[in-house]
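Accompanying notes for the structure given below.
The values are calculated or read from the model by the stated rules, or taken from the named source; none is laboratory data. Note that the structure is a prediction, hence the values are computed from the model and not measured. All Cβ positions, glycine included, derive from the backbone under ideal geometry; neighbour counts span all protein chains shown. The area values use the complete protein model at the heavy-atom level, side chains included, leaving out ligands, DNA and RNA. Shrake-Rupley method; radii C 1.70, N 1.55, O 1.52, S 1.80 Å.
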Amino acid sequence: MKRLRTFIALAAVPLFLAACGNLSSSSMSGTSGNSKSGGTQLTGQSSDGDYEGVIKSGHYQTSKSRGVTNSQDSGNTYNLKSFENGMLNVSKKVFSTKKYFFQEGQHLTASTVQDWLDRKSKSNATGLNPASNGSTSATGRNPIYIQALEEQDYMTQKNNKLSLGGVTIGIAVNSVDYYKKTQYGSTFETKISKAAGEAYAKKAADTVLKRLRKKSVLKNVPIVIAIYRQASNDSLVGGDFIAYSNNKAGATSVSSWTALGEKNYVFPVESGESSPNSNDESSFSNFKTEVQNFFPNLSGVTAQAHYNGKSLTGMHVNIQTQFYSQTEIISFTQYLQTAAQKYLPSGVPIDITVSSTDGVQSFLNRTTGSKKFTSHVFNSY
């Protein structure tokens, strides 16, 4: 039986795409971008660091296979988000945002990806995961290594028309494979080391590349393959990309890999663990203490920190409140602007979300290079 499920898209349009504000200025194709006559448009670009997205005939091109994944019980929703965002960041190393336009994957169907993610068997010779060996013990069974596989397309423009210029394929491997011995029984775990998961994914990458080259549209375009290691289900952050390969047009086997030193951490750091930079950890600790002392009605203050080697590249702070009045939220948000600027690490993008049981109450943000935080309190008429 296939252990697969498809997740509903987490957002109508991915976060990297700019709002579709001035589409007429980005119109393409011979139909002047008129959606009724089948033209192609671009979403516009909020900054040079973002890809413009593709709109065809007035509709955003959704992925044909997004979110298809092996079932892992409750799962970790952070994995899917960081997997997709991380694929974008890897792609930017190869496909410049100034020359390429983003389009959701159009060449791998959901059924194809489902078959590839399943175990190899007599009924499914295309399965990338190992055949079952019949064992149900945590150490004796063949685990599910590959958890997800996703395609992203990158388009180029010539003579006012778009064509496929490159593809990125993400292969997500498990750090823990969750399984049941009986259909409704308890959940067990098989732990997969980073070395074992990476080795298995790299071997599968060769197979995937050969299969992609059999499609005529993919035969002569660069194909980037990136390996992602999933976080466990109980993690408060997503996993990490550990390596990628840039395969030139026509290449049917992976010749080399580039290691990535990216890693996600949760602040406060759990007992027995440490972050790459103790100063960042101390800065967050001071911020948390200051905020909790000033406003006692807080359920928790945590952060997701992203590192490239030992360098902090960004932080998402989440604050859970128990406020009961709008004036409290306004005052708290105003105070956060001052405290965040004073205590949190400088020089990196940081956003702060203030939430309660009623939903998001306010949001603060500081972009790369900025010193001050901007804020917005969500009111109601």
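Filtered by the rule that a residue be closer than 18 Å to residue 268 by Cβ and either hydrophobic (A, V, I, L, M, F, W, C) or touching a helix residue (DSSP H, G or I) at 6+ places or on another chain (Cβ under 7 Å) (or both), region 337-353 gives 339, 340, 343, 344, 345, 350, 352. From the list 136, 126, 109, the one residue that fits, being open to solvent by 20 Å² or more (accessible area, probe 1.4 Å), more than 22 Å from residue 240 (Cα to Cα), β-branched (Val, Ile, Thr) and modelled with pLDDT of 95 or more, is 126. Residues of region 349-357 include none that is modelled with pLDDT of 95 or more and part of a helix (DSSP H, G or I). The residue that is farthest from residue 83 (Cα to Cα), counting only those in region 299-313 that are touching a Phe, Trp or Tyr at 6+ places or on another chain (Cβ under 9 Å) and open to solvent by 10 Å² or more (accessible area, probe 1.4 Å), is 302.
Would a scan of region 333-346 turn up a residue that is outside any helix (DSSP H, G or I), out of contact with any Lys or Arg (no Cβ under 7 Å at 6 or more places or on another chain) and open to solvent by less than 40 Å² (accessible area, probe 1.4 Å)? Yes, the conditions are met somewhere in region 333-346. Screening the candidates 181, 219 for the property of being modelled with pLDDT of 95 or more, among the charged types (D, E, K, R) and open to solvent by 60 Å² or more (accessible area, probe 1.4 Å) yields one hit, 219.
Taking the criterion of being part of a loop (DSSP other than H, G, I, E, B), under 14 Å from residue 335 (Cα atoms) and out of contact with any Lys or Arg (no Cβ under 6 Å at 6 or more places or on another chain), the only residue of region 364-381 that qualifies is 372. Within region 139-153, being open to solvent by less than 10 Å² (accessible area, probe 1.4 Å) and of a type in the set (Val, Ile, Thr) holds for 144, 146.
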